[in-house]
Amino acid sequence: MPAKSSSLSVPPYVLDRPNGAPLDPPPVFSRLRMESPVTRVSLWEGRLTPWLVTRWEDARAVLGSPAFSTDPTLVGAPTFKEDTRQGPRGFFQNYDDPIHATMRRTLTREFMVKRVNALRPAISSLTDELLTDMGKLSGPVDFVQHFSLPLPSLVICELLGVPYEDHTFFQAQSNVLVDFTATGEQTAEAFGNLAEYLLGLVQKKRISPGDDLVTRLAEQVDAGDITDQDAADLSAFLLFAGHETTANMIALSTITLLNHPDQIPYLLGEQDQVAGAVEELLRYLSIVHGGLRRTAIEDFIIGDVTIRAGEGVIIPVHVANRDPEYFTAPDDLDLERTEARRHLAFGYGIHQCLGQPLARAELQIVLPEIFRRLPDLKINIPMEEIAFKQNTAVYGVRELPVTW
Ligand code: HEM
């Protein structure tokens, strides 16, 4: 999209959360949601000016419409760096139907609530082991390295049949994939490394199968449903999406709860209370802070704005999830809030998070257990010294020194 002469008056898309309120969305977006809910923002110093859609209802309308594509290689696609446009199209999330639907179908059975519930005992025992091991250390201990990162990594390894010994490798590739400062070349390399690693694993599973998702994908290859490369790309995406997001959610939820100690007893209540509390944390934190990104493939009207075919759109779900029209006192954390389930933290429409039953199961098991086992848990540094990840697709913390 060419630069517009008016682009100077177009506010830049900002990722950084406000100083002093690192768990809130940038205040400029909350203001725009009131004054100009569908408006242009600038990327690439004004050379790209996609639309920003900040109201909850409008966000759902865009995410639920076939008028938008997730293809990041389209000319108007709102990528954060100009050169990432030249990278590979990548994971199946970046495809529209019917290709997207075909790939998603190969995985849907794996994430059915019943199948995910069967993983709950394994999640509980991994939680127990990690908390026991961490408890043996004398603080301060980095909660990210000792708990919030290894737990979902171990769970996704168990589900996929990936050896956990390789975690340093796959966590490093994931770090590049979420990093908005990485060049297109670096992103392509990380994507290629992960896919190549999983391609090797698909071939190994054919020789020695296991009771795991990669083996089941290898069987789908043998049945002629998908190719070896599809199986590798699908499992690479799950390996990446399956640990990075939940790891950040666990760490940020822990910080949030320590900042609202009066609400911790509610989290330790009955299962339905825990489930509701997790929905509120998902809404309140909405960790996908780069926003969901789309490009119109047909004209689309929202209110008095027409988004033209070819124009990009950013949907910052962390802003839509604080829309006062849909959530009472949206900037307050309220674990008892009943309308939290309406949140868009897992997206909406055909690309809505496939792994959400697993993410929910992990959060529902892990969060109460942390506070049951470590009732005196404390962050060892002041809030303003915590290293939040700003330039990444998923908000979180780099490290979190804690004592108990
Ligand atoms: C708290 C944790 C998580 C959050 C907040 C989250 C968030 C999201 C969001 C917002 C989307 C939609 C992206 C879009 O519309 O552009 C998405 C898609 C996806 N997520 Fe998650 N996710 C989480 C955990 C997981 C886990 C644990 C897995 C897998 C094990 C996973 C796998 C996926 C997949 C495969 C898609 C693409 C679906 C598609 O395009 O059809 N996610 N996630």
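The set of residues in segment 145-174 that are among the aliphatic types (A, V, I, L, M), within 17 Å of the chain's Cα centre (by Cα) and surrounded by fewer than 22 Cβ atoms within 10 Å (Cβ to Cβ) contains only A172. Only residues that are open to solvent by less than 10 Å² (accessible area, probe 1.4 Å) and out of contact with any helix residue (DSSP H, G or I) (no Cβ under 9 Å at 6 or more places or on another chain) were counted in segment 276-295, giving 1. Taking (1) on the phi > 0 side of the Ramachandran plot; (2) at pLDDT 90 or above in turn, W44 satisfies each apart from (2). Quickly run through segment 104-144 and pick out the residues that are open to solvent by less than 30 Å² (accessible area, probe 1.4 Å) and under 20 Å from T403 (Cβ atoms). Within segment 104-144, T127, L130, L131, M134, V141, F143, V144 qualify. Being crowded, with 24+ Cβ neighbours inside 10 Å and within 22 Å of S153 (Cα to Cα) is a property that T246 has. Residues that are in a helix (DSSP H, G or I), within 16 Å of the ligand (Cβ to nearest atom), in contact with a strand residue (DSSP E or B) (Cβ under 9 Å, 6 or more places away or on another chain) and open to solvent by 30 Å² or more (accessible area, probe 1.4 Å) are absent from segment 70-82. Would you confirm, using the coordinates I've provided, whether Y266 is in a helix (DSSP H, G or I), in contact with an Asp or Glu (Cβ under 9 Å, 6 or more places away or on another chain) and open to solvent by less than 30 Å² (accessible area, probe 1.4 Å)? Criteria not met by Y266. The conditions of being surrounded by fewer than 23 Cβ atoms within 10 Å (Cβ to Cβ) and under 24 Å from A122 (Cβ atoms) are met by R360. Condition first: modelled with pLDDT under 90 and part of a loop (DSSP other than H, G, I, E, B). Now tell me which residues in segment 83-121 satisfy that. Matches in segment 83-121: G87, P88, R89, G90, F91. Among the listed residues H318, H343, identify the single one that is modelled with pLDDT of 95 or more, surrounded by 19 or more Cβ atoms within 10 Å (Cβ to Cβ) and touching a His at 6+ places or on another chain (Cβ under 7 Å). When all the criteria are applied, what remains is H318.
Restricted to segment 285-404, the set of strands (runs of 3 or more DSSP E) holding at least 2 residues that are under 22 Å from the mean Cα position of the chain (by Cα) and within 12 Å of the ligand (Cβ to nearest atom) comprises 292-296, 312-315.
Looking only at segment 36-66, residues that are of a type outside the set (D, E), part of a helix (DSSP H, G or I) and surrounded by fewer than 22 Cβ atoms within 10 Å (Cβ to Cβ) come to 4 in all. Looking across segment 263-300, the residues that are over 23 Å from F327 (Cβ atoms) and among the hydrophobic types (A, V, I, L, M, F, W, C) come down to L268, A296, I297, F300. Hey, does segment 191-205 have a residue that's touching a helix residue (DSSP H, G or I) at 6+ places or on another chain (Cβ under 9 Å), at pLDDT below 90 and crowded, with 16+ Cβ neighbours inside 10 Å? Taking every residue of segment 191-205 in turn, at least one turns out to be touching a helix residue (DSSP H, G or I) at 6+ places or on another chain (Cβ under 9 Å), at pLDDT below 90 and crowded, with 16+ Cβ neighbours inside 10 Å.
The values are calculated or read from the model by the stated rules, or taken from the named source; none is laboratory data. All values derive from a computational prediction rather than experimental measurement. Counting neighbours? That spans all protein chains shown, and the Cβs are built from the backbone with ideal geometry, glycine included. Remember, those area values only see protein heavy atoms, side chains included, never the ligands or the DNA or RNA. Shrake-Rupley method; radii C 1.70, N 1.55, O 1.52, S 1.80 Å.
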